[in-house]
Every structure is written in C-alpha cells, then in structure tokens.
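*Asks:* First, the structure itself, so that you have it in front of you.
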Amino acid sequence: MQKFYTTVILCLFFVFSNAQDFKFGKVSKEEVMEKSHPIEKDANAALLYRNVSTYFEYYPSTGFTLITNVHERIKIYNKDGFDWATREINYYKGANSQETITGLKGVTYNMVGGKLVEDKLKKDGIFEEDVTKYQLRTKITMPAVNEGSVIEYEYSLRSPFVTTIDDIILQYTIPINVLDVKITIPEFLGFSKHFNPRSRLVFNVQESRKPFSLTSSSMERNGFTVVEHSISTSKVEYQQNTYSFIKTAIPSLKEESHIDYLSNYGAFIKWELQYTKFPNSIMENLTQTWEGVTKSIFNDGGYDKELSRTNYFQKDLDQLLQGETVPLKKAQKIYAFAKSKVKWNGYLGYEAESGGSKIYKDGEGNIGDINLMLTAMLRYAGLKANPVLVSTVNNGIPLFPTRKGFNYVISSLDLNGERILLDATEENASFGELPKRARNWNGRIIQDKEHSDWVDLMPKTQSKNAYSLNIEIEDENNLKGKSTNILTGLYAKSYRDNFKNLSADSYIEILEKNKGNIEIANVETDGQLLIGSDIKETYTFEIKSGVDKINDKLYIKPLFYLSESENPFKADKRSYPIIFDFPLRDSRVVNIIIPEGFEVESLPENSMFQLMGESGIFKYLTSQNGKYLRIESVLELNNLVYTPDDYENLKQFYAYMVEKHSETIVLKKS
C-alpha cells in the first residue's frame, strides 16, 4: 500500500510540475484557483516552487563575489497561511564590508471577476532593520493577500564573504511541490557539504565539473618625460564544481509535542570550507577541530582582556564581599549584583561588543558583555570560573567544528566538586539556572586559550509542581474549595516568565480558562518576586455543575480540572526524539468531604505504572478516612530525552495516566 501511495504521488507531481511554468511572472489561473494541496489536504499554504542558485563572480577591482539568487512561489490556501505572505531575508555586515540585496521584486496574484489580477510589491511593503551589530534583516509584506492568493518574489544576495556559504533550507512546515537547487563553486575553494543527519529525506545530488576562465587586465605607465601606457592582460583557466538537484513532493515538517526545535529535524545543507588553493599559492588547510575553533574565539574575541580587566568593578565588589568568607555565598552575591547592575539589551553573541567597562557604566550589554563580566567578577573573588560557549536552541546543533556553531556564552563555576552554570542575562533565572534558549545539549568550556572541553547544559535538578485542592460538595451538584499550588525550580521560573507582570484581573481570567463553570477569587501569591525561592499560590473557587447526579448517585471525577484529559502523544509513530525541559515531579492531591446523607459505593483502584525502569513513574492512590476522601496522583519523569524507539512506551504510559484520571468516584445515598 505504501509503495502504491508513493508511486501515485510521484506520478501526480511529475504531471503537475511539467504542466507549470516556473519563470517569474508566469503564474497560471489554475494555481490561483486551487482550493487545497493535492497531497496534504490540511496544508494552510504550500511552496509551489523554490529555486536557490549560488555561484561566484569575479570582478578585477574587488575579486570574487558570492551571489545567491532566490525565487519562491507560494500558494495561500486559507487565513492560517497568511503568515507566509511575510518573508524575512537575513544577511550580514562586517567592519569594512557587508552583504547587499539587489533585484528584490514581488507580485501577489488573485482571481477577480474571473480574471487574473496582479498586485506588485511596493516600497511601503519593504522594511529594513538592524538585528544585531553584525546582522541585518529585510522584511517584505506582500500586498492584497487573500485566501487563494499566490505570491511570488525573487532577489539576489551579494556577499563579499566568499569563504562562507549560507545554509540552504530544504524543508519547511508547509509542503514544497518543486525544489530546484544549484551551487557552483570555483576549485580555489574546497567546500564539503553536510546534510542534516536527523532528517530522513534523501536528496540525490548531481555533481559535475566544467572549465571556466577569467581574464584580468592592468595598465602600466612607463617613462618620465615621455609617458607611455601599456595594457597587459592575464588569463586564468580553472574548474568549477557544480552541485545540483531537483526534488518534488517534499513533505512538511510536522509539529509534535515535546520537541526542542523543529528545524533541527528538517532537511538542510550546511557548507564547510576545508581548504583554499588559489593560483600561484600553496594550499591552505582550513579543516578545524573544536579545540582550534575554541582557541580562535578566545583570541579573536578578546577573552583574555575581558576576563583580566577588573578595575571598573573592583571597588564595588570589595564593598559587596566585605566580611564574606563562604565561597558559595560570595558567588551568589556576585551573581545577583551582576544581574542588577547590567541588563541584557536583547542581542546575542559570544563576544563582548561594548566591553565590561562600558556596559558597567551604561547599564546594558549583549550576552557576551554580561557573562564575560560575570566570569571576571567571579575570578576576582578567588573563585574558579570559566566561560562556556553555547549554541542557542534556535541556532541548532553544529554538525562540524565551526565558529558559527556558537552564538552565546555563559559562565561556569567550579565549587566543592560541583559545576554550576550561570547566566546573568536572564531576569527570572535563579543561581544555577539557565534560560531555555541556552539549554541546548552541550557547551564548550574554555579553561584557557589552549584547553577546552564539552560540558552538559541540561538541567539535573528535579523541579516540582505540587497542587492541593480541598473541596466540599454543595447541593449535590456544586462545589466550593480552596487551591494551593507550590512551584519549585524551573517550574517557578516558568511561572515568573509567564505571569509576573500580569494584572490581577488578567491572571484570574487565565486561571479560569478550561476549568469549566468556575469562579476564582482571593488569589494570593508568595515568593513571586524573590528570585530563587519557591512560589506558593492560593485561591478560593466555586464550580457550578461540578458533579454528575444520576438518580440517587453522585459521579465525581476526583481530580476535577487537575486531571490529564488528553494524551499529548497521539501519532502512531514518532520520527523525532521526545524532549522534556527538565526532570520533574508533578503531584496533585484532592481532599473531598463526603456530603451528608451519602457514602462511598466505589473508588478507583490504587495503581502504579513504571516507565522503562527508573526513567519515570506514575502513581494513583485513593483512600477514605471517615467522611474524608483523599486522591493523590504523582508523575515523575527523570529522563529529559526519550528516543523514537521509546515512543510507544511513553505513549502507553501517558494513555494509562489519562485513563486513571478519567475514572470516577461513585457516592450513593446512605
């Protein structure tokens, strides 16, 4: 059956792609009138055509320029696909040169009165911005976008940075009908290509070589009293390496629960420069090790200077630490001081863009500025601290040694045989906690300019979320009670991230969402503003129609709105690993007072379910003591990562929990 389905798809797209003209401006009525994608019926949009062509051009005055031409044609099926009518182009600038965009144009196509109508992209739909000191962005918003529109745009990106070819994205969260890629590289530059090993898509790349020549001329001036000019011409013959492929029917990347970053599992090509061999020069081998990459960052990033400079904070730190002799307390004071002294300006980077002295005075800096300053402060206090290079979650996981594999830096503190990772840029992170953006598998710790090693960035400490409900049943149907919720660790941090600055009314609205016919009042929160402490939240509530009454019996789902009603793992199979943010313990305790005139007819049975040994456990316990019922549900997950092979076990584990949470207590007339 699967073979038959694949054959049908290939035949369909062979006919489909051959019937279309993918030249810019040649959009057909049939494309605009198409109501849904022929394969992925639920797709909100689709890339009808994507073309990427990268090559090098030589100019006598400036040398080689790297040029990438991009052409995309996108079908918008419904309003949920409107986001695809806004596109972003990221590019870079250095100290003396920068990439530029040329030839940008776009058109939106709609059917109006049976005719194909075009609306061209205008200047008011093009926006340019500085993302960081080194990154620029051009954003385009296509005009006249409606359900059914087809949009098309193209541009050329011209780069003086000829030793770096940008990653080529081969898969999106919408299907791609036709993908056409061609990369042409002169033999002077020895690039190797790397496909994403986490993607299951296979691309059959055609590789070829063809001769090419470039001619340059120069003018010479001869003589003193009588001036003569002569022009000399030189010609260089060389080979160009071409990599090309056309692939049809590329499926969309599907969002699934509990994943670190979806694009990490999509198809792409990364290019690694391994050597250069220019005419009349020896080959330069550029293949790197992680030790070499780390060393170059240490030297070029000015780490030695930033980590040894102390004069700008020395007086304040001496006063802060006066009389303090306990190393841990010293570190905690320094960490809190650094966070309060300098705020993050929103820019990433592993280098100090402004430098510690300037940000200390101005009160803000980028990631490199702040965390290198923090490391310098810890060292000044006599503590063993080192910078750790990190790739943020959305920067991906590097496939080979490269400086582009990192875009962030944190601080590592060795104390009493324990390694504590610190990031002073995150307002709500407590001592030893990293923000989610920095918890990306492994980082590279730099002990000095000659020595570095990998460190695990993933959290080890269990975070806890403990709910307790005390409930009375009124009028055999309505409920009233009190809720107490205690959050520790990264659960508490998440609470602060999401709710810290909300008004009381807005927060109550969030609390009441998806809890049935409930009214919540008297909300009190302790510890919210004290970073690093547990958070305790209490409130009272009333629920109308919270109990089902059939004849003379009451049917109660004992966890009420705390129950796990839906299995997050629904798919039959899983291609991606399952990743949880941190080790967790989630406990829910409900105490119910049996109403007068009733007694227990049945309670859910006590049970325990273990997940693959000690990686997880679910316990469900019920008990009665006189007129009081106690129901306790405990979920513990000790592993952060589960492989696709573990998926079926994890799915069954959650299915069992959902089933237990749906069981009812039955009370009958006494």
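*Asks:* Glu450 - would you say it is open to solvent by 70 Å² or more (accessible area, probe 1.4 Å), modelled with pLDDT of 95 or more and more than 21 Å from Gln528 (Cβ to Cβ)?
*Replies:* No; evaluated as a whole, the condition is false for this residue.
*Asks:* Does Ser575 satisfy the criteria of being more than 29 Å from Thr488 (Cβ to Cβ), among the small types (Gly, Ala, Ser) and surrounded by 14 or more Cβ atoms within 10 Å (Cβ to Cβ)?
*Replies:* Yes; evaluated as a whole, the condition is true for this residue.
*Asks:* Check whether at least one residue in segment 607-615 is farther than 30 Å from Ser575 by Cβ and surrounded by 13 or more Cβ atoms within 10 Å (Cβ to Cβ), and report yes or no.
*Replies:* yes
*Asks:* Counting just the residues of segment 422-442 that are crowded, with 22+ Cβ neighbours inside 10 Å and touching a Ser or Thr at 6+ places or on another chain (Cβ under 8 Å), which one comes out modelled with the lowest pLDDT?
*Replies:* Looking at the filtered set, the residue picked out is Asn440.
*Asks:* Also, quick follow-up: Among the listed residues Lys23, Lys41, which satisfies the condition of being without any contact (Cβ under 8 Å) to a residue 24 or more places away in the chain and under 19 Å from Asp180 (Cβ atoms)?
*Replies:* The unique qualifying residue is Lys23.
*Asks:* Answer yes if at least one residue in segment 622-637 is crowded, with 16+ Cβ neighbours inside 10 Å, in contact with a His (Cβ under 8 Å, 6 or more places away or on another chain) and among the small types (Gly, Ala, Ser), and no otherwise.
*Replies:* yes
*Asks:* Right, something else. When you go through (1) assigned to a helix (DSSP H, G or I); (2) crowded, with 19+ Cβ neighbours inside 10 Å; (3) at pLDDT below 95 one by one for Asn299, which number turns out not to apply?
*Replies:* The single condition Asn299 does not satisfy is (2).
*Asks:* Going residue by residue through segment 312-321, is there one that turns out to be modelled with pLDDT of 95 or more and within 30 Å of the chain's Cα centre (by Cα)?
*Replies:* No, segment 312-321 has no match at all.
*Asks:* Considering only residues that are under 30 Å from Tyr335 (Cα atoms), of a type in the set (Ser, Thr, Tyr) and loosely packed, with under 13 Cβ neighbours inside 10 Å, which ones fall in segment 499-551?
*Replies:* Ser503
Matching residues to (1) open to solvent by less than 70 Å² (accessible area, probe 1.4 Å); (2) assigned to a strand (DSSP E or B); (3) in contact with a His (Cβ under 8 Å, 6 or more places away or on another chain); (4) modelled with pLDDT of 95 or more:
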{"position": "Ala95", "(1), (2), (3), (4)": "no, no, no, no"}
{"position": "Thr102", "(1), (2), (3), (4)": "yes, yes, no, yes"}
{"position": "Lys105", "(1), (2), (3), (4)": "no, yes, no, yes"}
{"position": "Thr108", "(1), (2), (3), (4)": "yes, yes, no, yes"}
{"position": "Ala144", "(1), (2), (3), (4)": "yes, no, no, yes"}
{"position": "Glu152", "(1), (2), (3), (4)": "yes, yes, yes, yes"}
{"position": "Leu157", "(1), (2), (3), (4)": "yes, yes, no, yes"}
{"position": "Tyr172", "(1), (2), (3), (4)": "yes, no, no, yes"}
{"position": "Thr184", "(1), (2), (3), (4)": "yes, yes, no, yes"}
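*Asks:* Open to solvent by 60 Å² or more (accessible area, probe 1.4 Å) and without any contact (Cβ under 8 Å) to a residue 24 or more places away in the chain - does that describe any residue in segment 193-207?
*Replies:* Yes, that holds for at least one residue.
*Asks:* Which of the residues spanning segment 317-336 are closer than 18 Å to Gly532 by Cβ and open to solvent by 40 Å² or more (accessible area, probe 1.4 Å)?
*Replies:* The answer is Leu320, Val326, Pro327, Leu328, Lys329, Lys330, Gln332, Lys333, Ala336.
*Asks:* Filter segment 460-494 for residues that are surrounded by fewer than 20 Cβ atoms within 10 Å (Cβ to Cβ) and either outside any strand (DSSP E or B) or in contact with a Gly (Cβ under 6 Å, 6 or more places away or on another chain) (or both) and give the result.
*Replies:* Lys460, Thr461, Gln462, Asn470, Asp475, Glu476, Asn477, Thr488, Ser494, listed by residue number.
*Asks:* Determine whether segment 402-416 contains at least one residue that is in a strand (DSSP E or B), touching a residue at least 24 places away in the same chain (Cβ under 8 Å) and within 30 Å of Lys193 (Cβ to Cβ).
*Replies:* Within segment 402-416 (the criterion being in a strand (DSSP E or B), touching a residue at least 24 places away in the same chain (Cβ under 8 Å) and within 30 Å of Lys193 (Cβ to Cβ)), the answer is yes, since at least one residue qualifies.
The values are calculated or read from the model by the stated rules, or taken from the named source; none is laboratory data. On a predicted model such as this, the values are computed, not experimentally measured, just so you know. Neighbour counts run over all protein chains shown; Cβ positions are idealised from the backbone, glycine included. Note: areas computed on protein heavy atoms with side chains; ligands, DNA, RNA excluded. Shrake-Rupley method; radii C 1.70, N 1.55, O 1.52, S 1.80 Å.
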